[in-house]
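The values are calculated or read from the model by the stated rules, or taken from the named source; none is laboratory data. Computed from a predicted structure; not experimentally measured. Note: ideal-geometry Cβ built from the backbone for every residue, glycine included; neighbour counts use all protein chains shown.
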Amino acid sequence: MQAKSPDILALHRDATVVELHNDLILLVDHMDDRRRPEHFREYWLPELQAGGVNVQVLPVSVEERFQSEGALRRCLLLIERIHRIAGEHPDEVALCLTGAEVDSAVADGKIAFVIAIEGAHLLGQDPALIRTLWRVGVRVLSFTHLGRTFMADGGGLDDSSNSRLTAAGIEVFHEMERLGIVFDLSHLGAAGVDHVLELATRPLFATHSACRAIVDIHRNLRDDQIRRIAEVGGVIGVAAGIPAFIDPANPSADRVVDHIEHIAELTSFDHIAVGPDFIDDFYETIYDGWVFPNLLDDVEPGPGELARPSDLPKLTEAMVRRGFAESDIRKVLGENALRVLGEVMGSPR
């Protein structure tokens, strides 16, 4: 790609960039185990700054070996590590519990951290623990990863169960809306997505998903689901860093913009955000190679053009090239996600 023009870089730098999904805390933990506690400072902080990231949602997920007996302990340790990072870098980052705190951190030139849970294994059979998660700072939560929890079934089970939320899932969902924890639809099975959208009364996220009309895999959203997310004021974070979701044969920034444009045509530019899920560094570092389950039978995904936070200006450049209005680009980069955080995060109903 050609060098970005100063005007495009200025636009990207001036915009508020909200990144809805980055598993960096798992890489930080991985490096901690290898006696490299400086990993966040040496790698992730410069990457986030180079990408112009103002708000970073930090998902905490539980690897399969911790499910389900060790899930609560594992998640709490990772949450504690996020708190420690914020304490170690008070001039650069701020852990935020409300939308107002996010706005204040951004105004102060800091990266606002928002703690999320990806897959509610740690809740087990105890819905009351959602209030414990609230108290330790969790402000975004999804019920499932690929498999099953006591709340719901993940997208990986669509072919076998295609189930709605359980009674416990319904209870937790209503309590999340009451507390002001943003619900995350990503990874939920298709029937579960439909069920949540029947129940929803507050805006929500699909933090890292894309359009099934473009790439037909279970983790992407149908057009009717996209429209319903918009109807409740929600936002879809386009999973720009996952080639299998964007286009396994051509995971370029321009192809990411195709997904953005499709959502805008179905709804408007008011319901799109950025949720890349930068998986290349994650799998290369932890597993020494690509081990992500192939979601398409006939195509092995290639490397994505948007592979890490410092690549995010390429997305702005692609949107400018597509002819999007500056106001719409700003909405996609962060203003829409900020709206949902401001309306829901830390604001009891």
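Among the candidates Leu27, Leu45, the residue that is farther than 26 Å from Gly342 by Cβ and hydrophobic (A, V, I, L, M, F, W, C) is uniquely Leu27. Answer yes or no as to whether Arg202 is surrounded by 18 or more Cβ atoms within 10 Å (Cβ to Cβ) and charged (D, E, K, R). Yes, satisfied. Annotation: of all residues in the stretch 162-195 being of a type in the set (Ser, Thr, Tyr) and over 24 Å from Asp277 (Cβ atoms), the one that is modelled with the highest pLDDT is Thr166.
Filtered by the rule that a residue be among the small types (Gly, Ala, Ser), farther than 18 Å from Leu58 by Cβ and out of contact with any Phe, Trp or Tyr (no Cβ under 7 Å at 6 or more places or on another chain), the stretch 105-126 gives Ala107, Gly109.
Among Glu231, Glu171, Glu175, which is under 24 Å from Gly334 (Cβ atoms) and acidic (Asp, Glu)? Lay out the reasoning, then the answer.
On the way: Glu171 fails: under 24 Å from Gly334 (Cβ atoms); Glu175 fails: under 24 Å from Gly334 (Cβ atoms).
None of the others qualify; the one that does is Glu231.
The C-beta contact set for the stretch 242-253 (first residue under 18 Å from Thr207 (Cα atoms) and outside any loop (DSSP other than H, G, I, E, B), second residue among the β-branched types (Val, Ile, Thr) and modelled with pLDDT under 95, distance under 9 angstrom, 6+ apart or interchain) comprises Pro243/Ile279; Ala244/Ile217; Ala244/Val299; Phe245/Ile217.
A count restricted to the stretch 4-31 and to residues that are modelled with pLDDT of 95 or more, of a type in the set (Asp, Glu) and surrounded by fewer than 18 Cβ atoms within 10 Å (Cβ to Cβ) stands at 1. Please verify whether the stretch 62-74 includes one or more residues that are in contact (Cβ under 8 Å) with a residue 40 or more places away in the chain, touching an Asp or Glu at 6+ places or on another chain (Cβ under 9 Å) and in a loop (DSSP other than H, G, I, E, B). Yes, that holds for at least one residue.
Residues in the stretch 52-100 that are closer than 21 Å to Arg308 by Cβ, of a type in the set (D, E, K, R) and under 20 Å from the mean Cα position of the chain (by Cα): 1 in all. With a requirement of 2 or more residues that are surrounded by fewer than 23 Cβ atoms within 10 Å (Cβ to Cβ) and among the acidic types (Asp, Glu), the helices (runs of 4 or more DSSP H) lying completely within the stretch 304-349 that satisfy it span 326-330.
Residues are listed down the side, and each one gets a yes or a no for (1) of a type outside the set (D, E, K, R); (2) at pLDDT 95 or above; (3) within 29 Å of Glu64 (Cβ to Cβ):
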{"residue": "Val274", "(1), (2), (3)": "yes, yes, yes"}
{"residue": "Pro293", "(1), (2), (3)": "yes, no, yes"}
{"residue": "Asp298", "(1), (2), (3)": "no, no, yes"}
{"residue": "Asn336", "(1), (2), (3)": "yes, yes, no"}
{"residue": "Arg339", "(1), (2), (3)": "no, yes, no"}
{"residue": "Gly342", "(1), (2), (3)": "yes, yes, no"}
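Just one of the numbered conditions (1) part of a helix (DSSP H, G or I); (2) over 17 Å from Leu341 (Cα atoms) is not true of Ala100: (2).
What are the residues in the stretch 247-272 that are modelled with pLDDT under 95 and either more than 28 Å from Leu27 (Cα to Cα) or surrounded by fewer than 20 Cβ atoms within 10 Å (Cβ to Cβ) (or both), if any? Ala249, Asn250 - these are the residues of the stretch 247-272 that are modelled with pLDDT under 95 and either more than 28 Å from Leu27 (Cα to Cα) or surrounded by fewer than 20 Cβ atoms within 10 Å (Cβ to Cβ) (or both).
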